[in-house]
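Colleague: Okay, here's the structure, questions in a sec.
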Amino acid sequence: RLSTLRTGARNGQFWRLFSTTFKSEVAGEADTTDFRVFFKDASGSTISPWHDIPLKADDKTFNFICEIPKETSAKMEVATDEKSTPIKQDIKKGNLRFYPYNINWNYGLFPQTWEDPGHVDKDCDVAGDNDPVDVVEIGSAQLAMGGVYKVKVLGVYAMIDDGELDWKVITINVDDPKAASVNNVDDIEREFPGELEKILIWFRDYKMPDGKPQNKFGYDNKCLDKDFALKVLEETHEFYNKLKSGARENTEELSLE
């Protein structure tokens, strides 16, 4: 679970540097409701991974915040309702939440994006899920919880979870050995045969062991291409900007600092 992430920890806290700009600090004990990963800037000031890390790393790449390292099962997420929005473990019915089996990819979010629950998508006929946009990183390395990584956007699935639109953007870490060979959906199938279907099946079925129905997908279950994914990011970044600026009322009582 999380205990493997505490190597070198003293009193449950330690520092890790993932880039020249951002670092993360673990607080609290793993596998408890007190566990948090806080983000710091170069001066050591606490920042929000959702609000203070830019969406774009440069003209062609984006900043991916890893919440859940591949081959782990703890359901970690940025706490959008807590000040400075640290990463914490999701709680359901009073219990720490775990997937029924490991997730096979690095999973997290794109900062400064928001799926507006007040906006109904015209093609899928459902509204956003009130969260930042989710990211599935398909590279070979297990990335670190709280890490900030430059990724290339490759495609996107339009997952519909309990009647809400929940985009899953497919990406690859720019430092992955195959990154230079993968630029779009067709490249994924060539370099990672069968991977897109695995992603679809995993996200479709992961709630079934708990007695829930399969998740659905828009656009005939297709993984849409890079250009479509970039439009999703443009739209959800605009939704975010309206929320952050106050142009869109914060009726969901999200933490905007």
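Colleague: Simple spin-label model, 7 Å along Cα-to-Cβ: HIS51 to ASP220 in nm?
Modeller: 4.3 nm
Colleague: Take the cross-link list LYS40/LYS150; LYS40/LYS231; LYS75/LYS216; LYS40/LYS178 and give me the ones stretching past 25 Å between alpha-carbons.
Modeller: Values: LYS40/LYS150 18 Å; LYS40/LYS231 30 Å; LYS75/LYS216 20 Å; LYS40/LYS178 30 Å.
Over 25 Å Cα-Cα: LYS40/LYS231; LYS40/LYS178.
Colleague: Give me the percent of the accessible area of the range 54-204 that comes from carbon and sulfur atoms, probe 1.4 Å, all protein chains in place. Don't jump to the answer; show the numbers that get you there.
Modeller: Numbers: 2600 of 5800 Å².
With neighbouring chains kept in place, the figure for the range 54-204 is 45 percent.
Colleague: Over all distinct Cα pairs, what is the inverse of the mean 1/r for the range 36-143, reported as the Kirkwood hydrodynamic radius in Å? Let's see the in-between values first.
Modeller: Details: mean 1/r = 0.0659 Å⁻¹.
After inverting the pairwise mean of 1/r, the radius is 15.2 Å.
Colleague: Can you give me the P(r) profile for the chain? Cα pairs, bins 5 angstrom wide beginning at 0, each as a whole percent.
Modeller: Taking all Cα pairs of the chain, the binned fractions are 1, 6, 13, 18, 20, 19, 13, 7, 2, 0, 0 percent.
Colleague: Treat the range 82-141 as a sphere of radius equal to its Kirkwood radius over Cα pairs and apply Stokes-Einstein at 37 °C in a medium of 0.692 mPa s; give the translational diffusion coefficient in µm²/s, rounded to a whole number.
Modeller: Numbers: Rh = 14.2 Å.
In µm²/s, the coefficient rounds to 231.
Colleague: If you take the C-alpha gyration tensor of the range 122-230, multiply each eigenvalue by 5 and take the square root, what semi-axes do you get, largest first, in whole Å?
Modeller: Numbers: eigenvalues 112, 48, 41 Å².
Its equivalent ellipsoid spans semi-axes of 24, 15, 14 Å.
Colleague: What ³J(HN,Hα) values, in whole Hz, does the Karplus curve 6.51 cos²θ - 1.76 cosθ + 1.60 give for the range 85-90 when θ = phi - 60°, with x put for Gly and Pro?
Modeller: Each residue of the range 85-90 in turn: 6, x, 7, 9, 8, 5 Hz.
Colleague: Taking the simple approach of a point 7 Å from Cα along Cα-to-Cβ for both ILE201 and LEU254, what is their distance in nm?
Modeller: Those two pseudo-labels are separated by 3.4 nm.
Colleague: While we're on this one: Report the one residue of ASN221, MET159, THR171 whose Cα lies farthest in the direction of the positive end of the charge dipole of the chain (charges on C-beta: Lys and Arg +1, Asp and Glu -1; origin at the Cα centre).
Modeller: Farthest along the dipole direction, towards plus: THR171.
Colleague: Need one number: nm distance between label points at ASN183 and ARG97, each 7 Å from Cα along Cα→Cβ, rounded to one decimal.
Modeller: Calculated label separation equals 3.8 nm.
Colleague: Next question. When only Cα pairs under 8 Å and 6 or more residues apart are kept, what is the percent relative contact order across the chain?
Modeller: On the way: 564 pairs, mean separation 44.5, N = 257.
This gives 17 percent for the chain.
Colleague: Could you list the trypsin sites (Lys or Arg not before Pro) in the range 37-75 that lie in coil according to DSSP, counting only those with at most 12 other Cβ atoms within 10 Å of their Cβ? It would help to have the intermediate numbers written out before the result.
Modeller: Working: sites: LYS40, LYS56, LYS60, LYS70, LYS75; in loops: LYS60, LYS70, LYS75.
Here the sparse-neighbourhood loop sites are LYS60.
Colleague: Along each principal axis of its Cα atoms, how long is the range 203-257 end to end? Whole angstroms, biggest number first, please.
Modeller: 39, 31, 15
The values are calculated or read from the model by the stated rules, or taken from the named source; none is laboratory data. For clarity, every value in this text was computed on a predicted model and none was experimentally measured. Ideal geometry is used to build each Cβ from the backbone, glycine not excepted, and the neighbour counts take in all protein chains shown. Surface areas here come from the heavy atoms of the whole protein model, side chains and all, with no ligands, DNA or RNA. Shrake-Rupley method; radii C 1.70, N 1.55, O 1.52, S 1.80 Å.
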